[in-house]
Amino acid sequence: MTSAPRPTTDLSAADARRIALRAQGFLGAPDRRGGVRGVLRHLGAVQLDTISVLARSHELIPYARLGAVPRKTVEDAYWTTTPAGASPARPHAFEYWSHAACILPVEEWPHFAFRRRAYRARPHWNHDLPDGTYDQVIKQLHTEGPLTSTELGGAKRTSEWWDWSGAKVAVERALMYGEVVCVERRGWKRVYDLAERAIPQDLLHDDLDDTECLRRLVALAGQSLGVGTRADIADYHRLKGEQVDAVIADSGLVPVTVEGWSKPAWADPAALATPPRGRHRTTLLSPFDSLVWERARTERIFGFTHRLEAYVPKPKRIHGYFAMPVLAGGRLVGRVDPAREGRTLVAKQVTLDGAKAVPSVAQALVEAASWVDCTDVRVERVDAPELRAPLARELVRLLA
C-alpha cells in the first residue's frame, strides 16, 4: 500500500455517515425526474441476485430510494431503449461483472475494457469448451439474436448448476470477453446479443488503457461512496488494492481523516463542498444494497453488524434467511426477515434497536407490504419479546 498525502479535511463520524447517505441517494430529496435510471447512474452499479423474497434485489434498490415504483416500471427503466422508435435505439444499461453481477450504466462500457482484457488473457477456465462451439454461438446470435441460453441450446442437462452445455459455456465466455452482452433478464434468464448490435457505436471500443479505466472506476466509487477507505473504494467495483493505489492520486478524490476510522480515507470533493442536509424515507434495504453490501464499512459507519445468512445452514442463522436492515433517521435501527403468504407479508423474525425503533420498523413493513400488493402484515418472532406487543399495536394502527 502506498502512503497517502497528508489529509486536508477532518470529518466527524456523523459527518461521514451523512456524506455516505447522501452519496448513496438517501439524504435530501430524491431525483424523481431521473427515476430508476437516475438511481442507476447515481450509484454506478446495481447488484443482481437470484434470491427473490419481497422482490429481487435490483428492484429493491430503487424502491428504497424512490418509494413504491411499480416493479414493471423498474424493469422497463433498466432495459428499455430510448427514445421510443428512434434509430438507432440506445440502451440505458448492460449487465457485467462489477461488485458482482451488476446492472451498469451503458456509458461505462468503455471503462470495463481492463476487465474484458483480463478475461481474454485468462489462462484457464473451469468449464471445457468443445471445438467450434464458440463460433457457432456467435453465428447463431448474429442471425437469430437476441436469445436466451436455452434458445442457444445451453439449458442445463442435469440438476447440477455447474453442468453447463457447451453453448452455455461459450456464451458466458463471450459475455466476459465483451463480444456478447446481456441486454435484459427474461424470467431471470439472461438474454444475450452481440455487443456490436447492442452497444452504441460511440461506446463500443476498448481504446482506454487499464490506467484510464481504473482511474474512472476509482473516481466513480469515491463519488458513489462519498467517503471511503482504500478497501471501501476497491470493493465497490471489486478492484485490487494495488490497482486503487496506482491511480487514486489522479482520480480527483482527496485524502481526509474520519473520527474513529483507523485507516486513511478519501472523499469526493463535491461531497465536501456542501454539508449534507435533509431527511429520507424509512425503508427496508436489500442485503445487496450498495449502502450496506460491505460488512466492515457498514459496521464502521453505522455500528451495525450485518450478514446475509441465506447461505448459512438454518440452525446457525441468527437473524434469518434474508434479513433486511431497516433504515430510519440516518441510522440502521433493526432488521426484518420477510416472506410472503398470499397477500400477507410475514415478518418471520424482527430485530429492533430498542423501543424507539418500533414505529420505524412498523412503517417500513407496512410500506413494503403495500408495494408488493400485500394487505396484511403478520409478525412471527421478535428478538426482544417485550417489544412484540408494541410492534403489533403500531402495525394495527398503520394498517387501519
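Observations, loosely collected:
- Cβ pairs under 7 Å, 6+ apart, first in the stretch 218-236 and acidic (Asp, Glu) and modelled with pLDDT under 95, second crowded, with 24+ Cβ neighbours inside 10 Å and outside any helix (DSSP H, G or I): none
- Residues of the stretch 347-361 that are surrounded by 19 or more Cβ atoms within 10 Å (Cβ to Cβ) and within 15 Å of Glu380 (Cβ to Cβ): Ala347, Gln349, Val350, Thr351, Leu352, Val361.
For every residue, the table says whether it meets (1) over 30 Å from Arg56 (Cβ atoms); (2) in contact with a His (Cβ under 7 Å, 6 or more places away or on another chain); (3) basic (Lys, Arg); (4) open to solvent by less than 20 Å² (accessible area, probe 1.4 Å).
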site: Arg230; (1), (2), (3), (4): yes, no, yes, no
site: Tyr236; (1), (2), (3), (4): no, yes, no, yes
site: Val256; (1), (2), (3), (4): yes, no, no, yes
site: Gly260; (1), (2), (3), (4): yes, no, no, no
site: Ala271; (1), (2), (3), (4): no, no, no, yes
site: Pro275; (1), (2), (3), (4): yes, no, no, no
site: Gly278; (1), (2), (3), (4): no, no, no, no
site: Ser286; (1), (2), (3), (4): no, no, no, yes
site: Asp289; (1), (2), (3), (4): no, no, no, yes
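- Filtered residues of the stretch 167-198 (kept if in contact with a strand residue (DSSP E or B) (Cβ under 7 Å, 6 or more places away or on another chain), farther than 13 Å from Tyr96 by Cα and touching a residue at least 60 places away in the same chain (Cβ under 8 Å)): Ala198
- Conditions (1) part of a helix (DSSP H, G or I); (2) basic (Lys, Arg); (3) over 30 Å from Arg277 (Cα atoms): number failed by Arg215: (3)
- In the stretch 206-221, residue nearest to Arg90 (Cα to Cα) [restricted to those that are of a type outside the set (Val, Ile, Thr) and open to solvent by 50 Å² or more (accessible area, probe 1.4 Å)]: Asp207
- Per-region count, the stretch 178-229, residues hydroxyl-bearing (Ser, Thr, Tyr), in contact with a Ser or Thr (Cβ under 9 Å, 6 or more places away or on another chain) and farther than 30 Å from Arg17 by Cβ: 1
- Hey, Glu179 acidic (Asp, Glu) and either under 21 Å from Leu48 (Cβ atoms) or modelled with pLDDT of 95 or more (or both) or not: yes
- Looking across the stretch 364-399, just one residue is among the β-branched types (Val, Ile, Thr), under 23 Å from Lys72 (Cβ atoms) and crowded, with 18+ Cβ neighbours inside 10 Å, and that is Val366.
- Residue identified as surrounded by fewer than 14 Cβ atoms within 10 Å (Cβ to Cβ) and more than 17 Å from Tyr78 (Cβ to Cβ) among Arg116, Arg120: Arg120
- Checklist (1) farther than 27 Å from Gly222 by Cα; (2) surrounded by fewer than 20 Cβ atoms within 10 Å (Cβ to Cβ) applied to Phe304, failing item: (1)
- Test result for Leu225, buried (at least 22 other Cβ atoms within 10 Å of the Cβ) and not aromatic (Phe, Trp, Tyr): yes
- When every residue of the stretch 11-20 is checked against the conditions, at least one turns out to be surrounded by 15 or more Cβ atoms within 10 Å (Cβ to Cβ), within 16 Å of the chain's Cα centre (by Cα) and at pLDDT 95 or above.
- Search result, residues across the stretch 129-154 that are touching a residue at least 24 places away in the same chain (Cβ under 8 Å), farther than 17 Å from Arg197 by Cα and over 30 Å from the mean Cα position of the chain (by Cα): Leu129, Pro130, Thr133, Tyr134, Gln136
- The stretch 266-293, residues that are touching a Pro at 6+ places or on another chain (Cβ under 7 Å) and in contact (Cβ under 8 Å) with a residue 60 or more places away in the chain: Trp266, Leu285
- Subset of the stretch 328-371 (residues that are among the small types (Gly, Ala, Ser), more than 24 Å from Leu21 (Cβ to Cβ) and part of a strand (DSSP E or B)): Ala339, Ala347
- Remark: pairs (first residue in the stretch 363-378, closer than 16 Å to Ala55 by Cβ; second residue in a strand (DSSP E or B) and modelled with pLDDT under 95; Cβ separation under 7 Å; 6+ apart in sequence or on different chains) = Val372/Arg340; Cys374/Arg340.
- Of the residues making up the stretch 310-327, those that are assigned to a loop (DSSP other than H, G, I, E, B) and farther than 19 Å from Arg297 by Cβ are Ala310, Tyr311, Val312, Pro313, Arg317, Ile318, Gly320, Tyr321, Phe322.
The values are calculated or read from the model by the stated rules, or taken from the named source; none is laboratory data. Remember, it's a predicted structure, so these values are computed and weren't measured experimentally. Reconstructed Cβ throughout: ideal geometry from the backbone, glycine too, with neighbour counts over all protein chains shown. Side chains included, ligands, DNA and RNA excluded: accessible areas come from the protein's heavy atoms. Shrake-Rupley method; radii C 1.70, N 1.55, O 1.52, S 1.80 Å.
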